[in-house]
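Please treat every number below as a calculation from the coordinates, not as lab data. Quantities reported herein were computed from a predicted structural model and do not represent experimental measurements. When we count neighbours, we look across all protein chains shown, and the Cβ atoms used for this are built from the backbone with ideal geometry, even at glycine.
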Amino acid sequence: MRIFISMIVIALAAPLTASVASGKDAKSTPAYITAAINDPARKSDASNDERRHLAEVMTFAGVKPGQKVLELVPGSGYWTRVFSATVGPKGHVYTVWPNEMEKYATKSLATWQELVKKPPYNNVSLLSQPAATLSAPEPVDVVFTSQNYHDYHDKFMGPADLGQFGKQVLAALKPGGVFIVIDHTARAGSGIEDSDTLHRIDPDVVKKEMTAAGFVFDGSSDALRNRDDPLTAKVFDASIRGKTDQFMFRFRKPK
């Protein structure tokens, strides 16, 4: 997937507070998440669960039965399928395909349009909208994006105004709701200069943009870290594909 080149520098006036969790010390996986992971409808995804640290990511995200989730750029639907099984029939999953991405994901989008029509995904909706005008049909508990935050900086996405984007995510959430961001790590201090070439982003940029939008930084997880990643290769390079160093942040909307 392509990525963004548009430098945004935001000064932080106050220190961030964070509760840090790691794969080793994270709390036990709730039974409803274990049940969702074992859902027969997602058996084709199971071979990727260990590599993607599914249980740890879901526990960190805190998705619960009956909740509403807004997922940005669902791709193959890996995360959507487990969200659907977790929130159950009383919850709902809204998946957002930015219009600007459609020509780069024709096959995935076509598959998605069929997926949302059939059981057990009656609790999943497809939203097509411009990247610059993110919205949800109702307030949600969780907004989630995996390996796509950097795309919002790319030329083909406008690039999007990340200040406005952050405020739109904030507006979509219920008070106390969370925004989960997972992305490929770029070199410290590199900003967004690697986003259109290596498909990576400096984690500090994400913190600055989202706290400037009004979020409180609420924690990080090391579950997806790979400290052997030199951070200099494109994420699709055979030497690192599927093994990139990734950061996972949780931002909370104040109550």
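Couplings for the range 110-118, taken from phi via the Karplus curve 6.51 cos²θ - 1.76 cosθ + 1.60 with θ = phi - 60°, read 4, 4, 5, 4, 7, 4, 6, 8, 10 Hz in order; Gly and Pro are left as x.
Here the Karplus relation 6.51 cos²θ - 1.76 cosθ + 1.60, evaluated at θ = phi - 60°, turns the backbone of the range 237-249 into coupling constants of 5, 4, 5, 9, 4, x, 10, 5, 6, 10, 9, 9, 10 Hz, with x for every Gly and Pro. Temperature 4 °C, viscosity 1.567 mPa s: under these conditions the Stokes-Einstein estimate for the range 20-252, based on its Kirkwood radius over C-alpha pairs, is 72 µm² per second. As a rough guide to protection, the peptides 111-122, 182-193 ranked by mean Cβ packing within 10 Å, highest first, stand as 182-193, 111-122. Of the cross-linked pairs Lys90/Lys117; Lys117/Lys155; Lys64/Lys207, those separated by over 22 Å at the C-alpha level are Lys117/Lys155; Lys64/Lys207. Note on Lys117/Lys255: beta-carbon distance plugged into 1/(1 + (r/R0)^6) with R0 of 41 Å gives a FRET efficiency of 0.65. With the contact rule set at Cα under 8 Å and sequence spacing of 6 or more, what percent relative contact order holds for the chain? It comes to 24 percent, rounded to a whole number.
The alpha-carbon of Lys243 sits under 18 angstrom from the alpha-carbons of these aspartates and glutamates, leaving out residues fewer than 8 places away in its chain: Asp45, Asp49, Glu50, Glu56, Asp183, Asp194, Asp202, Asp222, Asp228, Asp229. Please give the residues of the range 43-68, grouped as numeric ranges, whose backbone N is less than 14 Å from a label point set 7 Å along the Cα-to-Cβ vector of Glu138. Label zone hits: 66-68. Packing-based ranking of 231-242, 89-100 yields 89-100, 231-242, ordered from highest to lowest mean Cβ neighbour count within 10 Å.
For the range 46-55, the Karplus equation 6.51 cos²θ - 1.76 cosθ + 1.60, evaluated at θ = phi - 60°, returns couplings of 4, 5, 9, 5, 5, 4, 8, 6, 4, 4 Hz by residue, with Gly and Pro reported as x.
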